[in-house]
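Colleague: One structure follows; several queries about it will come next.
The values are calculated or read from the model by the stated rules, or taken from the named source; none is laboratory data. Remember, it's a predicted structure, so these values are computed and weren't measured experimentally. So basically every Cβ, Gly included, is an ideal-geometry build from the backbone, and we count neighbours across all protein chains shown. Surface areas here come from the heavy atoms of the whole protein model, side chains and all, with no ligands, DNA or RNA. Shrake-Rupley method; radii C 1.70, N 1.55, O 1.52, S 1.80 Å.
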Amino acid sequence: MGLSNFNGIALVSLCFVIMFVAVSGRPATFLEDFRVTWADNHVRQLDGGRGIQLVLDQSSGCGFASKRQYLFGKVSMKIKLVPGDSAGTVTAFYMNSDTDTIRDELDFEFLGNRTGQPYTVQTNIYAHGKGDREQRVNLWFDPAADFHTYSIMWTHSIIIFAVDEIPIRVYKNNEAKGIPYPKQQPMGVYSTLWEADDWATRGGLEKIDWRKAPFYAYYKDFDIEGCPVPGPSSCPSNPYNWWEGPAYRALSPTQAKNYQWVKANHMIYDYCTDKSRYPQTPKECALDNL
């Protein structure tokens, strides 16, 4: 794949860009940049490899991953989720360090629904092996009707989960106050479609209806802008990487307004306020994450 200039920044050689669009006149394809990790007969290339269909049926789910890991940057995907009665299914898009007890992970999990009910997206953050930081948001549109862009921005300062560039989750680097923050381990980019009807929809009350199978999710326009590992050792710490710029160290006023709108109108679960799980509010929740 080719390198992008990022508006003339001289340090372009430190960054690696992957897009499912034409670069240097050559269209990118799935197998150039990703690999199937699970059930290759359930992962179908579309449009000459520029799009992907994932299939879930009673025999298997499926998944894929980037061929490389990255340390900081931004990753986004356009996804069209499972339509209709998708209860019990989970479509996941996440970054993972592929380490066990000390793993770092940044999760989008799209929880299937009964027809006519809103789609719920669950986010979670693992840092230094500690997770259990779930938040859930009901999407304000039908994510199965068309493609929407889901992105994770990961910098030294902040992690932002966004839907069509609207922040739905913000996690700031508060290591100075004793809060773990993922910054040492590179992470790969993963996606899966699988059955999880023991918990995914209404806490497992709604089971998957296999009569509606197979279930399909669609992907296109993958974009990874970050520091590849292995790669130039100076890249992750380079302050001139565009994502480390002053404009990206906090939410803009418009982003902050949109984020508050999401929290006020669409957030349905926040581990920070779950006293049954956390009688004492987790330390990071007491900090201003704006």
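Colleague: Would you please list the contacts, defined by Cβ atoms under 7 Å and residues six or more apart or on different chains, that run from a residue in region 128-152 that is among the acidic types (Asp, Glu) to a residue that is open to solvent by 30 Å² or more (accessible area, probe 1.4 Å)?
Modeller: Listed pairs, sorted by first residue: 134/269; 146/80.
Colleague: Within region 103-118, count every residue that is over 13 Å from residue 202 (Cβ atoms) and either modelled with pLDDT under 95 or in a loop (DSSP other than H, G, I, E, B) (or both).
Modeller: 4
Colleague: Related question: Among residues belonging to region 260-290 that are within 20 Å of residue 162 (Cβ to Cβ) and of a type in the set (D, E, K, R), point out the one that is surrounded by the fewest Cβ atoms within 10 Å (Cβ to Cβ).
Modeller: 288
Colleague: Any residue at all in region 199-218 that's under 23 Å from residue 132 (Cβ atoms), under 22 Å from the mean Cα position of the chain (by Cα) and surrounded by 20 or more Cβ atoms within 10 Å (Cβ to Cβ)?
Modeller: Within region 199-218, one or more residues are under 23 Å from residue 132 (Cβ atoms), under 22 Å from the mean Cα position of the chain (by Cα) and surrounded by 20 or more Cβ atoms within 10 Å (Cβ to Cβ).
Colleague: What residue, of 256, 176, 250, is among the aliphatic types (A, V, I, L, M), more than 25 Å from residue 112 (Cβ to Cβ) and open to solvent by 50 Å² or more (accessible area, probe 1.4 Å)?
Modeller: 176
Colleague: Further question: When you scan region 254-275, do you find a residue that is in a loop (DSSP other than H, G, I, E, B), charged (D, E, K, R), touching a helix residue (DSSP H, G or I) at 6+ places or on another chain (Cβ under 7 Å) and within 17 Å of residue 122 (Cβ to Cβ), even just one?
Modeller: For region 254-275, residues in a loop (DSSP other than H, G, I, E, B), charged (D, E, K, R), touching a helix residue (DSSP H, G or I) at 6+ places or on another chain (Cβ under 7 Å) and within 17 Å of residue 122 (Cβ to Cβ): absent.
Colleague: Among the residues of region 127-162 satisfying the criterion of being open to solvent by 40 Å² or more (accessible area, probe 1.4 Å) and closer than 21 Å to residue 199 by Cβ, which is modelled with the highest pLDDT?
Modeller: In this case the residue turns out to be 136.
Colleague: Would you mind stating whether residue 73 is at pLDDT 95 or above and in contact with a Cys (Cβ under 7 Å, 6 or more places away or on another chain)?
Modeller: In short, yes.
Colleague: Could you tell me which residue of region 64-96 is surrounded by the most Cβ atoms within 10 Å (Cβ to Cβ), considering only residues that are closer than 22 Å to residue 42 by Cβ and small (Gly, Ala, Ser)?
Modeller: Among them, the one singled out is 86.
Here's the yes/no breakdown for (1) within 28 Å of residue 101 (Cβ to Cβ); (2) part of a strand (DSSP E or B):
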residue: 125; (1), (2): yes, yes
residue: 140; (1), (2): no, no
residue: 145; (1), (2): no, no
residue: 149; (1), (2): no, yes
residue: 156; (1), (2): yes, no
residue: 160; (1), (2): yes, yes
residue: 170; (1), (2): yes, yes
residue: 180; (1), (2): yes, no
